[in-house]
Each structure stands twice: as structure tokens, then as C-alpha cells.
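I have placed the structure first, in the form of C-alpha cells, so that the comments after it can refer back to it.
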Amino acid sequence: MNIIVVGAGIAGLSTAWSLVKAGHSVTLLEQGATIPNPLAASGDHHRIIRRAYRASTGYGALITEAYDAWSEMWGDLGENHLDPRGFLCVSREPGDEAEEYREGMEAGGWPIDLLDPDAAVKRWPFLAPGSFRYAYFSADGGALHCRRIATGLAAWLRAHGANVYENSKVTAIDADSGRVELVSGETLQAYRVVVAAGAWVLKLFPELSGELKTYRTALAYVEPPADLKAAWEAAPVILDVGGKTDGYMIPPSGGAGMKFGSGLHKVPTSDADWNREPVEGEGEAIRDLFSPPIARIQEYRVTEVVTCAYTFTADERFLAHETGRVLVVSACSGHGYKFGAAVGRRVAAAVGDGDTAGLKRWLRADLG
Ligand SMILES: Cc1cc2nc3c(=O)[nH]c(=O)nc-3n(C[C@H](O)[C@H](O)[C@H](O)COP(=O)(O)OP(=O)(O)OC[C@H]3O[C@@H](n4cnc5c(N)ncnc54)[C@H](O)[C@@H]3O)c2cc1C
């Protein structure tokens, strides 16, 4: 089958990878000048993979498939882009997100090491004594190196006969004919079109604005105090710092620096391209959300701020939408990267066998 994929974030790249493996003829169109596009949600250095999810969501159970899909991808790329350093959560208040994740791990029967504050501070000296209730570690997680994955996939696709075009912004899609119009005025046509346009999807399909909301956020890259560098180098990813911070941290990994991000630092927007230049003091504002439980927060020097745009559904699940020859996929809600390779395999399978209903159930982690 002749298939156009719009968007070379992790969803589009992985879908193209799996479609090529299934024998389809694939053209991948990316609006950015490079793959990855640094403005894409998948264009940053790293993202967290972890087993921990609230027990009710079903996504924790999908992680086994996520790991399996990444392993298949590493086999094809000839390189493993997962740093399996495990993850750490810190609970500061009863019922906070760290505690909900712990309950999800326990409900799934996945082991964790539970540490009281003294033991945790001894093991991870960047934590502030007396600022949290408990911490726990799981080896079931780490950091995925997104830029290396994107570069590797783009090269693999080209080597396996796919047409991969940068600077190819799609401006309109005719769902009935499968005709795609580019900003240059050129048109392309295919039997099926998969749209994996990330936060830009509403520019092509504004009818999805009832289901998908776009947000602008930013991440702060930091340099830790010199005496804590070794501790951070050896640290797991920090999935949640407890309380209401909705904060995560990725230590230096895969040649990239360490960064802080928080769900508190996001604002709704109707335009994925809005306000993509960091504003004065933004990195420091993000950093300061992390005290407590991080000790000596003012000594972390902000080195770079990266802005991102992403879409959420109301219940933070993933969705697919089919219209004519077009299948739109939005697997984000702030937690989609870790499923990228698995999403690609599932989307490609649905394009092949037509089971869009099954794809939608899987994307929603509706396993019942
Ligand atoms: C700050 C932040 C932190 C996150 N942390 C995590 C995490 O730790 N773990 C995790 O699992 N997930 C995380 N996520 C979510 C994850 O990054 C996303 O779910 C995932 O990257 C989305 O990939 P995508 O391919 O759907 O979209 P994108 O990566 O945004 O890719 C879409 C691509 O389509 C291209 N495009 C758009 N429109 C057009 C067009 N008209 N023509 C051509 N090309 C087009 C864009 O340029 C872009 O390259 C995080 C997200 C953010 C923003």
C-alpha cells in the first residue's frame, strides 16, 4: 500500500518504521528543517520511561509491550537508546502523585525498594532531609534518548526505501482522495494518510479541538552544585517529587545535561507555535518549584530553557480518529513518548488490517 505519514515525531517515525517492515511504500513528511524538529515534543534530548501509573489507568500494564517494541527497534537500528537507570519517587503528602504511583506499582505486583527519609538522603544526597515522608526506587524505568532515536530512525527509513522529506509542511489533506497539499504548492496522493502531527494536529483537523487541548510548557536544563555532580550522574530518573509539584527530573544521560520539568508550568494555547522563545527568568521559576524536596536549589545553575507544545485529552488517554483515507493519531497527554515504538507498531497494524476500533481501545489502554 502507498502511505503518507505526516509528522516525524516519535509517533510518525515509529509508524513509518513499522509500515516499511510490513512491506508498504511510505512517504514521511516533516515540516521542520531537521529530524527531529527541536520544536516537537519528541525533539528534546530525553524522556522518561517507567512502569509507574495510577492503578486505574491500564497504562502500567502496556509497559511490557512498550519495552518489547523498543527492543525490536534497537535490533533494527543496531543501537540501544535506553538508559535503564530506574526511577525514583518522593512522597511529601498523603495521596500525592508519588503515592498514587506506588499504589499502582503494588497493585500490578511490580517490586519497589521503599526507603525512609534518612536512608533515602544517604543514598541520594541531593534530597533535603526532613522534607518528605518516604522515597522508593524501581529498576523498571530510565531515560530514552529521543534525538538519537529520531536520527537513527530517519536514517533507517531512508536506507530501507522510504521517502523522508524535511521542510515539507502539509497545509491541507483531502480525506476522500488521500491527496495532501504542501506549503510549496506541491501535492502528493496516497491510498492511506496517517497524521501524527503532535500539537500541530488542530491546524489540520480543527474539528478535534473538542477532544484535544494544546498547552505550551518549558523545561529547565541545569548544572548541579559541583559536590553533587557524582550523585546526580549515578541517580535514577526522578519521576515525581511529591506534593503538588507534578515535577520530574532527568539526570545527565546520553551526553545531554540534566533537566527539571513540572506540570504546573504549562499554559493553554490555541497555537502550537505560540511563545516558543523562553522568557526571562523562566528556567529559574521552573527550578524553584523543586524545593522541597531538592536541597540547595539556588545552587543549580540554569543553562538552557527548552519550550514545548503538546496536546492532552480530558482523561489523559491517547486517541485515534478516522476520516476517509486518513487516520489521525494523538498519543501524548504528556506521557506518550515511552509508548512511541509500540504506538507505531499498533498504528501500522491497524492500517494493514483495518481494525481501527481495536487500535482506539489499545490507545485508551482499555484492556478489559
Ligand atoms: C515537557 C514534556 C515532557 C514530557 N515528558 C515525557 C516523559 O518523560 N515520558 C513520556 O513518555 N512522554 C513525555 N512527554 C510526552 C511526549 O513527549 C509526547 O507524547 C511525544 O513526544 C509525542 O510525539 P508525537 O510524535 O505525537 O508528536 P511530536 O513529537 O510533536 O511530533 C509531531 C511532528 O509533526 C510535525 N508536524 C506537525 N504538523 C505538521 C505538518 N502540517 N506538516 C508536516 N509536519 C508536521 C512536527 O514538526 C513534529 O515533528 C512529554 C512531553 C512534554 C512536552
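On the basis of being within 16 Å of the ligand (Cβ to nearest atom), in a loop (DSSP other than H, G, I, E, B), out of contact with any His (no Cβ under 8 Å at 6 or more places or on another chain) and among the polar types (S, T, N, Q), does residue 80 make the cut?
no
Testing residue 254 on (1) more than 10 Å from the ligand (Cβ to nearest atom); (2) over 21 Å from residue 148 (Cβ atoms), one condition comes back false. Which one is that?
Just one mismatch for residue 254, condition (2).
Being of a type in the set (A, V, I, L, M, F, W, C) and assigned to a helix (DSSP H, G or I) is the filter; apply it to the stretch 83-116 and report the residue that is surrounded by the fewest Cβ atoms within 10 Å (Cβ to Cβ).
Residues of the stretch 83-116 that are of a type in the set (A, V, I, L, M, F, W, C), as a first pass: 87-90, 98, 105, 107, 110, 112, 114-115.
In the following step, the residues that additionally are assigned to a helix (DSSP H, G or I) were identified as 98, 105, 107.
On the way: 98: 27, 105: 21, 107: 13.
Among residues in the stretch 83-116 that are of a type in the set (A, V, I, L, M, F, W, C) and assigned to a helix (DSSP H, G or I), the one surrounded by the fewest Cβ atoms within 10 Å (Cβ to Cβ) is 107.
Considering only residues that are closer than 20 Å to residue 49 by Cβ, within 6 Å of the ligand (Cβ to nearest atom) and either in contact with a strand residue (DSSP E or B) (Cβ under 7 Å, 6 or more places away or on another chain) or not assigned by TED's automatic domain parsing to the domain that holds residue 197 (or both), which ones fall in the stretch 1-24?
Within the stretch 1-24, the first condition is being closer than 20 Å to residue 49 by Cβ, and the residues that meet it are 9-15, 17-18.
When the remaining residues are screened for being within 6 Å of the ligand (Cβ to nearest atom), the result is 9-12.
Once the filter is applied, which keeps residues that are closer than 20 Å to residue 49 by Cβ, within 6 Å of the ligand (Cβ to nearest atom) and either in contact with a strand residue (DSSP E or B) (Cβ under 7 Å, 6 or more places away or on another chain) or not assigned by TED's automatic domain parsing to the domain that holds residue 197 (or both), the stretch 1-24 yields 11, 12.
Which of the residues that make up the stretch 318-339 are outside any strand (DSSP E or B) and within 12 Å of the ligand (Cβ to nearest atom)?
Within the stretch 318-339, the first condition is being outside any strand (DSSP E or B), and the residues that meet it are 318, 324-325, 331-339.
Selection gives 318, 331, 332, 333, 334, 335, 336, 337, 338, 339.
Return only the number of the condition from (1) of a type in the set (D, E, K, R); (2) farther than 30 Å from residue 17 by Cβ; (3) assigned by TED's automatic domain parsing to the domain that holds residue 24 that residue 169 does not satisfy.
Just one mismatch for residue 169, condition (2).
Tell me, please, whether a residue that is out of contact with any Pro (no Cβ under 8 Å at 6 or more places or on another chain) and more than 14 Å from the ligand (Cβ to nearest atom) can be found in the stretch 306-316.
Within the stretch 306-316, one or more residues are out of contact with any Pro (no Cβ under 8 Å at 6 or more places or on another chain) and more than 14 Å from the ligand (Cβ to nearest atom).
Taking the options 195, 164, name whichever one is of a type outside the set (S, T, N, Q), closer than 20 Å to residue 308 by Cα and surrounded by 15 or more Cβ atoms within 10 Å (Cβ to Cβ). Spell out how you get there, then give the answer.
Values: 164 fails: closer than 20 Å to residue 308 by Cα.
The unique qualifying residue is 195.
Could you identify the single residue in 143, 120, 128, 135 that is at pLDDT 95 or above, aliphatic (A, V, I, L, M) and closer than 20 Å to residue 9 by Cβ?
Numbers: 120 fails: closer than 20 Å to residue 9 by Cβ; 128 fails: closer than 20 Å to residue 9 by Cβ; 135 fails: closer than 20 Å to residue 9 by Cβ.
The unique qualifying residue is 143.
Pull up the stretch 237-251, narrow it to residues that are in contact with a helix residue (DSSP H, G or I) (Cβ under 6 Å, 6 or more places away or on another chain) and at negative phi, then point me to the one that is farthest from the ligand (Cβ to nearest atom). Let's see the steps before the verdict.
At the first step, the residues of the stretch 237-251 found to be in contact with a helix residue (DSSP H, G or I) (Cβ under 6 Å, 6 or more places away or on another chain) are 240, 242, 251.
Next cut, at negative phi only: 240, 251.
Details: 240: 11, 251: 13 Å.
The qualifying residue farthest from the ligand (Cβ to nearest atom) is 251.
A quick yes/no check of all residues on (1) among the β-branched types (Val, Ile, Thr); (2) surrounded by fewer than 17 Cβ atoms within 10 Å (Cβ to Cβ); (3) in contact with a Cys (Cβ under 9 Å, 6 or more places away or on another chain); (4) farther than 24 Å from residue 326 by Cβ:
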{"residue": "152", "(1), (2), (3), (4)": "no, no, no, yes"}
{"residue": "176", "(1), (2), (3), (4)": "no, yes, no, no"}
{"residue": "182", "(1), (2), (3), (4)": "no, no, no, no"}
{"residue": "185", "(1), (2), (3), (4)": "no, yes, no, no"}
{"residue": "189", "(1), (2), (3), (4)": "no, yes, no, no"}
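So which residues in the stretch 294-334 are without any contact (Cβ under 8 Å) to a residue 24 or more places away in the chain and within 30 Å of residue 227 (Cβ to Cβ), if there are any at all?
If the condition is that a residue be without any contact (Cβ under 8 Å) to a residue 24 or more places away in the chain and within 30 Å of residue 227 (Cβ to Cβ), then 297, 298 are the ones that fit.
Among the numbered criteria (1) modelled with pLDDT of 95 or more; (2) over 16 Å from residue 197 (Cα atoms); (3) crowded, with 21+ Cβ neighbours inside 10 Å, which one does residue 12 miss?
(2)
If you go through the stretch 321-346 one residue at a time, how many are surrounded by 18 or more Cβ atoms within 10 Å (Cβ to Cβ) and under 25 Å from residue 147 (Cα atoms)?
So the first thing to find is which residues in the stretch 321-346 are surrounded by 18 or more Cβ atoms within 10 Å (Cβ to Cβ), and the list is 321, 325-333, 335-346.
Subsequent filtering for residues that are under 25 Å from residue 147 (Cα atoms) retains 328-333, 335-346.
Count: 18.
Show the residue pairs that are 6+ apart or on different chains and have beta-carbon atoms under 6 Å apart, the first residue being within the stretch 356-368 and among the hydrophobic types (A, V, I, L, M, F, W, C), the second being in a helix (DSSP H, G or I).
Every condition considered, the pairs that remain are 359/346; 359/350; 362/346; 365/59; 365/62.
Please return the ranges of helices (runs of 4 or more DSSP H) entirely within the stretch 117-236 where 1 or more residues are within 11 Å of the ligand (Cβ to nearest atom) and in contact (Cβ under 8 Å) with a residue 40 or more places away in the chain.
Working: elements: 117-123, 146-159, 201-204, 229-234.
Of the helices (runs of 4 or more DSSP H) lying wholly inside the stretch 117-236, those with at least 1 residues that are within 11 Å of the ligand (Cβ to nearest atom) and in contact (Cβ under 8 Å) with a residue 40 or more places away in the chain span 146-159, 201-204.
The values are calculated or read from the model by the stated rules, or taken from the named source; none is laboratory data. Small disclaimer: the values here were computed from a predicted structure and weren't measured. With ideal geometry, Cβ positions are generated from the backbone for all residues, glycine too; neighbour counts draw on all protein chains shown.
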